[in-house]
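Novice: Let me begin by handing over the structure; questions about it come next.
The values are calculated or read from the model by the stated rules, or taken from the named source; none is laboratory data. These numbers were taken from a predicted model, which means no experiment stands behind them. Heads up, the Cβs are rebuilt from the backbone with ideal geometry, glycines too, and the neighbour counts pull from every protein chain shown.
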Amino acid sequence: MNLEIFEENIGYKFNDLKLLKTALTHTSYAHERKQESNEKLEFLGDAILEFVVSNYLYENYKNLKEGEMTKVRATVVCEKSLYEVAKMHNFSDFLYLGKSEESSNGRNKPAILADSVEAVIAAIYIDSGLEQTKKFIINNLRQAIEIASKNVGVKDYKTVLQEKLQIHGSVDIKYELVEERGPDHNKIFIAEVSCDGKKLAKGKGGTKKAAEMEAARVALENLKKDVKI
């Protein structure tokens, strides 16, 4: 497995490649080979992640109250966000998995991928200290933090759209990724929202979630203007 490609993907070169290999080693593989897994690194990475995001919110979002910062952090420091980071950098191609996990599609399990991101965060911290670790975390979660901070205390556009469309009964609302543009490190996603098969609006963003949220926002604007869809 060429870990140099992984380093290129995440934008960080390790001084100690053994640390990186351990960070990508699932317990299933470790048990088979009688070596260390990424569980302890994952534990440390979780704590570092919470601290870095908390500190970033404290320094950059002076308008947020303590309770609001807690909500933003909870939205960002979660399995879903870390899973998106793992997908962005193709973590699944570099995981060391045992035969059992390999055969049960372990490479695509959100929990395994999210845990590996936390382990890599800890590995970067041990390898070079806090500054490089902060850089990796914020570069990958800045947009998620920004989105969460704008929606803290209010319902997100997808929720509001769903409530408006379902006011007279149940409807089938779907979000579909219709296009991807740009290189892997700077992708733009185009999503489309439909209701009972009728296309409502499209939106674009730096992540699939952001694109879906923008599509919902545009659909709500159209509804406000009484546009017939």
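Novice: Does Gln162 meet the test of being surrounded by 15 or more Cβ atoms within 10 Å (Cβ to Cβ) and without any contact (Cβ under 8 Å) to a residue 12 or more places away in the chain? Walk me through it before giving the result.
Specialist: On the way: surrounded by 15 or more Cβ atoms within 10 Å (Cβ to Cβ): yes; without any contact (Cβ under 8 Å) to a residue 12 or more places away in the chain: yes.
Taking the combined requirement at face value, the residue satisfies it.
Novice: Val193: touching a helix residue (DSSP H, G or I) at 6+ places or on another chain (Cβ under 6 Å) and under 30 Å from Gly45 (Cα atoms), yes or no? Write out each step before concluding.
Specialist: Values: touching a helix residue (DSSP H, G or I) at 6+ places or on another chain (Cβ under 6 Å): yes; under 30 Å from Gly45 (Cα atoms): no.
So Val193 fails the test.
Novice: Turning to a different aspect of this structure: Taking the stated definitions as given, is Gly182 among the small types (Gly, Ala, Ser), surrounded by fewer than 19 Cβ atoms within 10 Å (Cβ to Cβ) and at positive phi?
Specialist: Numbers: among the small types (Gly, Ala, Ser): yes; surrounded by fewer than 19 Cβ atoms within 10 Å (Cβ to Cβ): yes; at positive phi: yes.
Yes; evaluated as a whole, the condition is true for this residue.
Novice: If you don't mind, there's one more thing I want to ask. Condition test on Asn60, is it surrounded by fewer than 19 Cβ atoms within 10 Å (Cβ to Cβ), among the polar types (S, T, N, Q), in contact with a His (Cβ under 8 Å, 6 or more places away or on another chain) and within 22 Å of Val77 (Cβ to Cβ)?
Specialist: Details: surrounded by fewer than 19 Cβ atoms within 10 Å (Cβ to Cβ): yes; among the polar types (S, T, N, Q): yes; in contact with a His (Cβ under 8 Å, 6 or more places away or on another chain): no; within 22 Å of Val77 (Cβ to Cβ): yes.
No; evaluated as a whole, the condition is false for this residue.
Residue-by-condition table, conditions (1) within 30 Å of Lys62 (Cβ to Cβ); (2) outside the structural domain of Leu17 (by TED's automatic domain parsing):
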{"site": "Ile138", "(1), (2)": "yes, no"}
{"site": "Arg142", "(1), (2)": "yes, no"}
{"site": "Ala191", "(1), (2)": "no, yes"}
{"site": "Gly203", "(1), (2)": "yes, yes"}
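Listed here are the residues, each with its yes/no results for (1) touching a residue at least 60 places away in the same chain (Cβ under 8 Å); (2) more than 20 Å from Ile147 (Cβ to Cβ).
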site	(1), (2)
Lys34	no, yes
Leu49	yes, no
Val72	yes, no
Ser81	yes, no
Glu84	yes, no
Tyr96	yes, yes
Glu101	yes, yes
Ser104	no, yes
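Novice: Go through the residues of region 70-77 one by one and say whether even a single one is basic (Lys, Arg) and farther than 26 Å from Ala30 by Cβ. Give the derivation first.
Specialist: Within region 70-77, the subset basic (Lys, Arg) is 71, 73.
Still in the running and farther than 26 Å from Ala30 by Cβ: 71, 73.
Within region 70-77 (the criterion being basic (Lys, Arg) and farther than 26 Å from Ala30 by Cβ), the answer is yes, since at least one residue qualifies.
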